[in-house]
Amino acid sequence: MTLDDATTYHLPAGKALGGPYVVDVTPEKARWGYSSLRVLELPPGGTHTFETGDSEWIVLPLSGGCTVTATDDFGHDTFTLTGRGSVFAAVTDFAYVPRDARAAVTSPGGGRFALTGARCTRRLPARYGPASSVPVELRGTGNSSRQVNNFGAAGVFECDRLIAVEVITPGGNWSSFPPHKHDEHRPGEESVLEEIYYFEFAGHDGIPGLGYQRVSPSGHGRGTDVLAEVRDGDVVLIPDGWHGPSMAVPGHHMYYLNVMAGPEEERAWLICDHPDHAWIRGTWPDQPVDPRLPLYTAPSQ
């Protein structure tokens, strides 16, 4: 994957290939400083090994389970991830692998695994994240209802710079709404974060799902401007700008994985709502949450 001078921020499935990965977004390819995403597909019994380099990583099963081993000069740690059938089936456990290590992902049954990464300076210990510890949040109401699996959110799981969450939007709903941004350094109000969206959709009777993603210029950074029809495996890069809505067509639930990191000293998700649409939050208390949510909850410990 490379970005031309005009910069394409919507990368349809197959356009972000790199080496063994079906998605390979690095800071160099995205022309930014911190955020990375790789999606790895392994056959039954398959193994993949990679160097973490100057980045911290969370290995997150999208489908299937795996074993993750992290090795460095201090020894090695091995974590068995139960995983899940699909992103629409369950909360998953995950593994954190620090910078300056070698990681091996092995899947006895095969599967698809997201590697969410961020360049960082601190080396934290390798750790296991149980599914039971993942807060499942219902955000918004009415047709703005969505489910957020906060597995790698700031204040939930310790990382140096990486922030990562999953969002499930029921068919016909809008999420990432009101449009918001995080492209200015305003202490206590807004943080600078590069963001990656990776999409999957629930099919219906063999018919694949789809949705739409909007990013509009905020007057800062590159002037990112995207209106894209998104499908399974698509990626949208957001270096700056108002992002949202993310729209799921009726009949097909939409999943996206958000990966964020940036230069801020404080690891925090601080956003600014678009002034034309911020009022919508005031309507939420008067509407019920979509009764289809949550699709699932975290398992008990």
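Think of the chain as having a plus end and a minus end, set by charges on the Cβ of Lys, Arg, Asp and Glu; of Leu210, Leu237, Ile163, Leu210 sits farthest toward the positive end of this dipole. When only Cα pairs under 8 Å and 6 or more residues apart are kept, what is the percent relative contact order across segment 10-284? Relative contact order for segment 10-284 comes out at 20 percent.
Think of it as helices only: each DSSP H run of n ≥ 4 in the chain is worth -39500 (n - 2.57), and spread over all residues that comes to 0 deg cm²/dmol at 222 nm. Here the chain is treated with +1 on each Lys and Arg Cβ and -1 on each Asp and Glu Cβ, and its dipole about the Cα centre works out to around 500 debye. Positive contributions from Lys and Arg (+1) and negative ones from Asp and Glu (-1), summed over other residues with Cβ under 14 Å from the Cβ of Ser35, come out at -4. Quick one: among Glu28, Glu194, Glu166, which has the greatest mean-square fluctuation in a GNM of the chain with alpha-carbon springs under 10 angstrom? Result for the chain, Cα springs under 10 Å: Glu28 fluctuates most.
Please grab the % of Cα pairs in the chain that end up more than 38 Å from each other. Tail of P(r) above 38 Å: 7 percent of Cα pairs. Electrostatic tally near Ala131: other residues with Cβ closer than 10 Å to its Cβ, Lys and Arg +1, Asp and Glu -1, net 0.
Values quoted throughout were computed directly from the atomic coordinates according to the rules given, and no laboratory measurement underlies them. Nothing here was measured: the structure is a model prediction, and the numbers come from that model. Ideal geometry is used to build each Cβ from the backbone, glycine not excepted, and the neighbour counts take in all protein chains shown.
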